[in-house]
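Undergrad: Mind looking over this structure? Questions follow.
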Amino acid sequence: MQGEVPVDVNGVPHGQPVLDSLVALLDLERIEENIFRGVSPASSTIRVFGGQVAGQALVAAGRTVPEERRVHSLHAYFIRPGDPSIPIVYEVDRTRDGRSFTTRRVVALQRGKTIFSLSASFQLDEDGIDHAEPMPEVPDPESLPTFGERLGESLSKLGPPQPRPIDVRYVTEPPWVSRENGPREARNQVWMRADGALAVPDDHLLHVCIAAFASDMTLLDAPLARHGVYWGLDNVVGASLDHAMWFHRRFRADEWFLYDCASPSASGGRGLATGRFFSQDGQLVATVVQEGLLRVND
């Protein structure tokens, strides 16, 4: 990150320099026609963040697709933990180029082994039937505390502050707070946006990849809230297992969107969570489903 980096009230780095670092992270190096290389930020923890590898893999797929075809869905599996100290190689298989749809398959490799796989489908814009569920009634994002303000005294228990390229404002009570009162509804709502301005406002792929990055940030909060536990404060072991997204309408990742998450089920050491992205004007722009490993030990 270049220049002085602003910090939130609890010392969490955020703002334009942190967002610019995320954009640079998504700007993969092309080493062959269908092979790309990405790196992790120097501030990474012991494993690569799932949203990072998903965003980078989608960038790799998108760079082999004509710009007029927009990604409408992705389906991914997290296979092995990624090592943030070494680069990740992304190999793209150009599965199909049809008249309306383009399909790509990507594998992410470290030390010769697959750590992540993704299939993505791209489509030419078409007219058709149009309907969507309404957005829940929630407070405006600007009226809510920042992520740093919400952390309060819990910051020291949750580990050192990591740079936050995404501005997150909790609508529901954060699970590290609600756990003090025990289990609650398996629901989590946050407003999100890229914490700064994106230099290329019409780069659809960049906006979608940043949304994919953000979608892995709070999704599993919903099943944890249902059981009154949280990462770092209770004996919880977890990881993303698989992840799917459908992109319904155009949006800008540097404008506010509501991430409405719920968990319909948890069993077998796994928790299922669904999420809906709504633009601030109430449009349903994307849907997310993820299953995560969730082991809560006594």
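Undergrad: For a quick check of your reading of the model, give me the residue pairs whose first member lies in segment 232-244 and is closer than 26 Å to PHE277 by Cβ, whose second is among the polar types (S, T, N, Q) and assigned to a loop (DSSP other than H, G, I, E, B), with beta-carbon atoms closer than 9 Å and at least 6 apart or on different chains.
TA: Sorted first by the residue in segment 232-244, then by its partner, the pairs are VAL236/ASN297.
Undergrad: Of the conditions (1) part of a loop (DSSP other than H, G, I, E, B); (2) modelled with pLDDT of 95 or more; (3) more than 24 Å from ASP242 (Cα to Cα), ASN10 fails just one. Which one is it?
TA: Failed condition: (2).
Undergrad: Right, another one. Residues of segment 229-249 being crowded, with 19+ Cβ neighbours inside 10 Å and modelled with pLDDT of 95 or more, which ones?
TA: Hits for segment 229-249 are HIS243, MET245, PHE247.
Undergrad: Among the residues that make up segment 188-206, is at least one of them among the aromatic types (Phe, Trp, Tyr), free of Cβ contacts under 8 Å to residues at least 60 places away in the same chain and surrounded by 20 or more Cβ atoms within 10 Å (Cβ to Cβ)?
TA: No; the residues of segment 188-206 include none that is among the aromatic types (Phe, Trp, Tyr), free of Cβ contacts under 8 Å to residues at least 60 places away in the same chain and surrounded by 20 or more Cβ atoms within 10 Å (Cβ to Cβ).
Undergrad: While we're on this one: Across segment 72-107, which residue is least open to solvent (accessible area, probe 1.4 Å) among those that are closer than 15 Å to VAL39 by Cα and touching a residue at least 60 places away in the same chain (Cβ under 8 Å)?
TA: Per the stated criteria, the residue is TYR90.
Undergrad: Another one. With out of contact with any Phe, Trp or Tyr (no Cβ under 6 Å at 6 or more places or on another chain) and within 26 Å of MET135 (Cβ to Cβ) as the only criterion, which of ALA239, ALA253 stands out?
TA: Testing whether each residue is out of contact with any Phe, Trp or Tyr (no Cβ under 6 Å at 6 or more places or on another chain) and within 26 Å of MET135 (Cβ to Cβ) leaves just ALA253.
Undergrad: For segment 209-218, check the following and say yes or no: at least one residue is in contact with a Cys (Cβ under 8 Å, 6 or more places away or on another chain) and either at positive phi or not aromatic (Phe, Trp, Tyr) (or both).
TA: yes
Undergrad: Filter segment 86-114 for residues that are closer than 16 Å to GLN56 by Cα and small (Gly, Ala, Ser) and give the result.
TA: If the condition is that a residue be closer than 16 Å to GLN56 by Cα and small (Gly, Ala, Ser), then ALA108 is the only one that fits.
Undergrad: Please go through segment 206-239 and pick out each residue that is closer than 30 Å to PRO66 by Cβ and either out of contact with any strand residue (DSSP E or B) (no Cβ under 7 Å at 6 or more places or on another chain) or among the acidic types (Asp, Glu) (or both).
TA: LEU206, HIS207, CYS209, PHE213, ASP216
Undergrad: Residue by residue through segment 1-57, note down the ones that are touching a strand residue (DSSP E or B) at 6+ places or on another chain (Cβ under 7 Å) and among the aromatic types (Phe, Trp, Tyr).
TA: Answer for segment 1-57, where residues must be touching a strand residue (DSSP E or B) at 6+ places or on another chain (Cβ under 7 Å) and among the aromatic types (Phe, Trp, Tyr): just PHE36.
Undergrad: If I filter segment 159-166 for residues that are under 19 Å from the mean Cα position of the chain (by Cα) and surrounded by fewer than 17 Cβ atoms within 10 Å (Cβ to Cβ), do I get at least one hit?
TA: Yes, segment 159-166 contains a residue that is under 19 Å from the mean Cα position of the chain (by Cα) and surrounded by fewer than 17 Cβ atoms within 10 Å (Cβ to Cβ).
Residues are listed down the side, and each one gets a yes or a no for (1) hydroxyl-bearing (Ser, Thr, Tyr); (2) out of contact with any Lys or Arg (no Cβ under 8 Å at 6 or more places or on another chain); (3) crowded, with 17+ Cβ neighbours inside 10 Å:
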site	(1), (2), (3)
ASN10	no, yes, yes
GLY15	no, yes, yes
LEU26	no, yes, yes
GLU29	no, no, no
VAL39	no, yes, yes
ILE46	no, yes, no
LEU58	no, yes, yes
ALA61	no, no, yes
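Undergrad: Answer with yes or no whether VAL71 is closer than 30 Å to GLY152 by Cβ and of a type in the set (Val, Ile, Thr).
TA: Judged against the criteria, VAL71 is not a match.
Undergrad: Please note which strands (runs of 3 or more DSSP E) are completely contained in segment 250-298 and include at least 2 residues that are more than 24 Å from GLU173 (Cβ to Cβ), open to solvent by 10 Å² or more (accessible area, probe 1.4 Å) and in contact (Cβ under 8 Å) with a residue 60 or more places away in the chain.
TA: It comes to none.
Undergrad: Restricting the first residue to segment 8-36 and requiring it to be without any contact (Cβ under 8 Å) to a residue 60 or more places away in the chain, which pairs with a second residue that is open to solvent by less than 30 Å² (accessible area, probe 1.4 Å) and in a strand (DSSP E or B) meet a Cβ separation below 6 Å and a spacing of at least six or different chains?
TA: Note: pairs meeting the criteria are ARG30/PHE36; PHE36/TYR90.
The values are calculated or read from the model by the stated rules, or taken from the named source; none is laboratory data. Being a predicted model, the structure only gives us computed values, none of them experimental. All Cβ positions, even for glycine, are placed from backbone atoms using ideal geometry, and neighbour counts span all protein chains on display. Quick note on the areas: whole protein, heavy atoms, side chains included, nothing else; ligands and nucleic acids left out. Shrake-Rupley method; radii C 1.70, N 1.55, O 1.52, S 1.80 Å.
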